[in-house]
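These notes concern the structure reproduced below.
The values are calculated or read from the model by the stated rules, or taken from the named source; none is laboratory data. Quick caveat, the model's predicted, so the values are computed rather than measured. Neighbour counts run over all protein chains shown; Cβ positions are idealised from the backbone, glycine included. Areas reflect the complete protein model, heavy atoms only, side chains present, ligands, DNA and RNA absent. Shrake-Rupley method; radii C 1.70, N 1.55, O 1.52, S 1.80 Å.
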Amino acid sequence: MSDAYVSLQNLSLAYGSSIVVPELNIDIRKGELIALLGPSGCGKTTTMRAIAGLMTPHSGKITIDGVDVTRMPANKRGIGLVFQSYALFPHLTAFENAAFGLRLQKRPAAEIEERVTHWLATVDLAHLADRKPAEMSGGQQQRLSLARSLVMEPKVLLLDEPLSNLDARLRLEMRTELQRVQRDTGITMVFVTHDQAEALALADRIVLMKDGVIEQLGTPDELYNAPRTVFGADFFGFENIFEVAGRDLIGAKGKMPVAFGATARHMAWRPGAVSVGSGPWEGVVTGVAFAGEKREYVLDTDLGQIKAATDASEPAYQIGDVVPFGLPEATGFPISG
Amino acid sequence: MQYKWTSRLIIGLTLTFLIGPFLIIVLAGLSAGEFMTFPPEGISLKWYLKVFTVDSFRASFALSMFLAVFGTIAALLLGVPAAYAISRYDIPFGETIKTIVAAPIIVPGIIVGLALLRYLVVPLNFTVTLALFLAHTALVLPYAVRVVSASLNNLRSDMEEAAVLLGCTRLGAFTRVVLPNIQGGVLAAFILGFVTSFNQVPVSLFLSGPGVRTLPIDMLSYMEITYDPSVAALSALLAFLSVIIVFVAEKFLGFSRYV
């Protein structure tokens, strides 16, 4: 791809003899915000560390802005990394933390003052410039860590689980902050996360990974609405996935005949896509949870467990009730992989 | 109620056992008589003052100071990088190395002293001062490695990676980020090493030579000839010095966090 700004080509990553990522190809465009998404152990963090230069690839190539950086030491790459633990320097003030990189470059004092002040103000920390990290809240430390990287005007900014250590309110604040910074600076960002909601909300494109292999790469819309694999569907909230064999659906407990002839290998339904209260089959309610707009049910059926949800305004069922349900073809999603 | 009195009695006995000898030494040094006795015969400061006029004490104090300061510094120069390497890199036999480094704490000083004398100092014909310096460095090294390791383990290694990504070399990350954050541990190791070296007897006993003695050895040989209270007075002064050092260290460093 000609418009690739960061390009991973046939990248293979290993710790000693254990291969974490067998062969990876990703092209990231300039100014793009891309999410590496997957469960722990899927190789997303390892991939990020390879881009940063904190680990040397086993084989393959990494280019940034057309330059091969595969063997370039981490301190020469001009890449920023916001660590999950923030990795701030405890012995330095917020200002000195942010100024660290510029001081190494021996920039003139006036320039350091100006750039650090600018970025501390941008992340709303100007009033805490003299504080040590230990005297700051988690959210403030995170923003300082972000500012410390941004002061260096990196070619690429990597973020390791940027929202995972924050509570719900701060998470929304930080998310907005990241999007704003990205819009204002046009900086290319790659962030690693295990949280699909985070990836959907933030990313321009998502790389869904499993066992070091890309399951699917696409826009949040594509991954959410058109998963290509069972893993992807499961990751994005299709909680009822059944194998299709002829005219049967095969579940964990048994099979059930369906009225439609599916050609895909799997069919998947989100909880909301299961019809509860009407349908050709019956199940026993084994769990109910009220979730505001929705009421969530766990049904024990001949297929196995089914997770369903109805609008809270619809009639409620109790545990032990026998309820008719259906898996309509129209609300199901066929998965070929 | 009974429990309370029992525990008070035990605490009282423990304190008597720990502090009692120290008090006896302090008082014995205050004696006005010619021999070390307890209780002292009269009260006088003359033995405390005499300590400062004995030439051999002055020379051996200087040697002990030299060994304690420079032996400990040498041990830290070796021990800090060693502790860093063990804690940060996957070194083959890292744990074994740690255990071996700790050996001088476990092996009796008499054996260490004899071994150093018989197999190192005599065959290689080292001078007494050099032999003492090397021995003290080796004796303090385990403390340096242990104490510094403890502070390194409390320091997250991603901080160093952050420094590298901001443009530091690995060495730069060590000096700019690691060292400032373990300086409390390094200082604690220094004090512990200093006190250990200064009070060291068995190894120094073997390695001391004619005219070159550390202070504790010099005190021993002084007592063989003269049994006046000046040794008690000197002991008391040294004990006060140690107490002051540890007290100041605790006050400003929270010394007990490190050892």
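Kyte-Doolittle cut-off -1.0, length cut-off 15 Å along the helix's own axis using Cα: show which whole DSSP H helices in chain B pass.
Helices meeting the span and hydropathy rule in chain B are B:2-29, B:55-66, B:72-88, B:128-153, B:179-198, B:215-225, B:230-253.
Helix-only mean residue ellipticity at 222 nm, chain A, DSSP H runs n ≥ 4 weighted -39,500 (n - 2.57), per residue, nearest 500. What is it?
Theoretical 222 nm ellipticity from helices: -7500 deg cm²/dmol.
Can you tell me the FRET efficiency between B:Ser221 and B:Leu171 if r is taken as the Cβ-Cβ distance and R0 is 41 Å, rounded to the nearest 0.05?
Efficiency at R0 = 41 Å is approximately 0.30.
Could you order A:Arg265, B:Arg213, A:Arg115 so the one with the most accessible surface comes first? Probe is 1.4 Å.
A:Arg265, B:Arg213, A:Arg115
Charges on Cβ only, +1 for Lys and Arg, -1 for Asp and Glu, centred on the Cα centroid of the range A:181-279; of A:Asn225, A:Val276, A:Gly254, which one is farthest towards the dipole's positive end?
A:Gly254
If N is the number of residues in the range A:65-106, what value comes out of its Cα radius of gyration divided by 2.2 N^0.38 Å?
1.43
Just to confirm my numbers, what's the Cα centroid distance between the range A:45-66 and the range A:167-210 in Å?
21 Å
Give the angle, between 0 and 90 degrees and rounded to the nearest 10, that separates the Cα long axis of helix A:109-122 from the longest principal axis of the Cα atoms of chain A.
Once rounded, one gets 20 degrees.
Return, ordered by residue number, the residues of the range A:261-296 whose backbone nitrogen is under 16 Å from a label point located 7 Å along Cα→Cβ of A:Asp311.
A:272-278, A:291-296
Projected onto the charge dipole of the range A:111-245 (+1 at Lys/Arg Cβ, -1 at Asp/Glu Cβ, origin at the Cα centre), which of A:Gln216, A:Val190, A:Leu125 gives the Cα projection farthest towards the positive end?
A:Leu125
Note down the relative contact order for the range A:240-335 as a percent, whole number, built from C-alpha pairs under 8 angstrom at least six residues apart.
Relative contact order comes out at 33 percent.
What does the charge add up to near A:Asn10, with Lys and Arg as +1, Asp and Glu as -1, over the other residues with Cβ less than 9 Å from its Cβ?
0
Out of the GluC sites (Glu not before Pro) in the range A:254-314, which ones are loop residues according to DSSP with at most 11 other C-beta atoms within 10 Å?
A:Glu293
What are the trypsin sites (Lys or Arg not before Pro) within the range A:69-113 that DSSP puts in a loop, where the Cβ has at most 14 other Cβ atoms within 10 Å?
Of the trypsin sites (Lys or Arg not before Pro), the ones in loops of the range A:69-113 whose Cβ has at most 14 other Cβ atoms within 10 Å are A:Arg71, A:Lys106.
Normalising by the residue count of chain B, find the relative contact order in percent from Cα pairs under 8 Å and 6+ residues apart.
That works out to 30 percent.
Could you work out the helix-only [θ] at 222 nm for chain B, with each DSSP H run of four or more residues adding -39,500 (n - 2.57) and the total divided by the number of residues, to the nearest 500 deg cm²/dmol?
Mean residue ellipticity, 222 nm, calculated: -22000 deg cm²/dmol.
Which is farthest toward the positive dipole end of the protein assembly as shown among A:His91, B:Leu78, B:Val231, measuring Cα position about the Cα centre, with Cβ charges +1 (Lys, Arg) and -1 (Asp, Glu)?
B:Val231
Within the range A:202-239, which residues have the backbone N less than 19 Å from the label spot 7 Å out from A:Arg183 along Cα→beta-carbon, could you tell me?
A:202-205, A:220-221
Above 38 Å lies some portion of the pair distances; for chain A, what is it as a whole percent of all C-alpha pairs?
It works out to 31 percent of all Cα pairs.
Could you do me a favour and compute the accessible area per residue for the range A:4-234, 1.4 Å probe, result in Å²?
41 Å²
Among A:242-255, A:43-56, how do they line up from the highest to the lowest mean number of other beta-carbon atoms within 10 Å?
A:43-56, A:242-255
I'd like the mean, over residues of A:82-89, of how many other protein chain beta carbons sit within 10 Å of each residue's own Cβ.
5
Can you tell me the dipole magnitude for chain B around its Cα centre, using point charges on the Cβ only (Lys, Arg +1; Asp, Glu -1), in Debye to the nearest 20?
400 debye
Check cross-link reach from A:Lys253 to the lysines: straight Cα distance under 22 Å, and skip same-chain residues fewer than eight apart.
A:Lys307
Under 12 Å from a point placed 7 Å out from the Cα of A:Thr286 along the Cα-to-Cβ direction: which residues of the range A:221-236 have their backbone N that close?
Inside the label zone: nothing.
Using only the alpha-carbon atoms of the range A:74-195 as identical scatterers, what base-10 log of I(q)/I(0) does the Debye formula give at q = 0.15 Å⁻¹?
Taken in order of the listed q values, log10 I(q)/I(0) reads -0.63.
Using the Cα centre of the protein assembly as shown as the reference point, and only Cβ charges (+1 on K/R, -1 on D/E), how large is the resulting charge dipole? Debye, rounded to the nearest 20.
That gives the protein assembly as shown a dipole magnitude of about 1720 debye.
For A:Val20, list long-range residues whose amide hydrogen, built 1.01 Å from N in the peptide plane, is under 5 Å from its own amide hydrogen.
A:Leu13, A:Ala14, A:Tyr15
Distance in nm between label sites at B:Val69 and A:Arg107, each 7 Å beyond Cα in the beta-carbon direction?
Once both label points are built, they end up 4.3 nm from each other.
What is the local net charge at A:Val258, summed over the other residues whose Cβ is closer than 13 Å to its Cβ (Lys, Arg +1; Asp, Glu -1)?
Cβ neighbours under 13 Å give a net charge of -2.
What is the Cα coordinate range of the range A:240-335 on the first, second and third principal axes, sorted by size from largest, in whole angstrom?
36, 22, 19
All other residues with a Cβ under 11 Å from the Cβ of B:Val101 taken together, and with Lys, Arg as +1 and Asp, Glu as -1, what is their net charge?
With Lys, Arg at +1 and Asp, Glu at -1, the net is +1.
Could you please state, rounded to a whole Å, how far the C-alpha centre of the range B:182-220 is from the C-alpha centre of the range B:98-138?
The two parts, judged by their Cα centres, are 13 Å apart.
Quick one, what does Rg over Rh come out to for the protein assembly as shown if you take C-alpha atoms and the Kirkwood Rh?
Taking Rh as the inverse mean 1/r over Cα pairs, Rg/Rh reads 1.17.
Pick from A:Asp195, A:Asp167, A:Asp234: which residue has the top mean-square fluctuation in a GNM of chain A where Cα pairs under 10 Å get a spring?
Highest fluctuation among the options: A:Asp167.
For B:Phe52 and B:Leu9, FRET efficiency with R0 = 45 Å and r from the beta-carbon atoms, rounded to 0.05?
0.60
Once B and A are treated as a pair rather than alone, how much accessible area drops out, both sides summed, in Å² to 100, probe 1.4 Å?
1600 Å²
Roll a 1.4 Å probe over the protein heavy atoms and report the accessible area of A:Asp184 in Å², nearest 10.
110 Å²
What is the distance, in nm, between label points placed 7 Å from the Cα along the Cα-to-Cβ direction at A:Arg247 and at B:Ala62?
10.9 nm
Is the C-alpha gyration tensor of the range B:192-243 telling us rounded, prolate or oblate? Criteria: a/c under 1.5 is rounded; beyond that, a/b larger than b/c is prolate, otherwise oblate.
oblate
Could you give the accessible area per residue of chain B, probe 1.4 Å, as a whole number in Å²?
That works out to 55 Å² per residue.
What is the calculated FRET efficiency for B:Leu130 to B:Ile245, with r their C-beta to C-beta distance and R₀ = 35 Å, to the nearest 0.05?
The value I calculate is 0.85.
Please report, as a whole percent, how much of the solvent-accessible surface of the range A:1-91 comes from carbon and sulfur atoms (probe radius 1.4 Å).
49 percent
Considering only A:Pro324, A:Pro162, A:Pro271, give the residue with the highest GNM mean-square fluctuation for chain A, with springs between Cα atoms whenever their separation is below 10 Å.
For chain A, modelled as a Gaussian network with Cα springs under 10 Å, the answer is A:Pro324.
Cα gyration tensor of the range B:1-75, axes a ≥ b ≥ c as square roots of the eigenvalues: rounded (a/c below 1.5), prolate (a/b > b/c) or oblate?
It comes out oblate by the Cα gyration axes.
Residues of the range A:240-335: accessible area per residue at 1.4 Å, in Å²?
Roughly 51 Å² per residue, with all protein chains present.
Once ligands and nucleic acids are excluded and a 1.4 Å probe is used, how much of A:Lys210 is accessible, expressed in Å² to the nearest 10?
80 Å²
Need the list of lysines near A:Lys155 for cross-linking: C-alpha distance under 23 angstrom, and skip anything on the same chain fewer than eight residues off.
Output for A:Lys155: A:Lys30, A:Lys44, A:Lys61, A:Lys76, A:Lys106.
Nearest 20 debye, what's the magnitude of the dipole of chain A about its Cα centre given +1 on Lys and Arg Cβ and -1 on Asp and Glu Cβ?
Result for chain A is approximately 1100 debye, rounded to the nearest 20.
What average number of partner chain Cβ atoms lie no more than 10 Å from the Cβ of the residues making up A:99-105?
4
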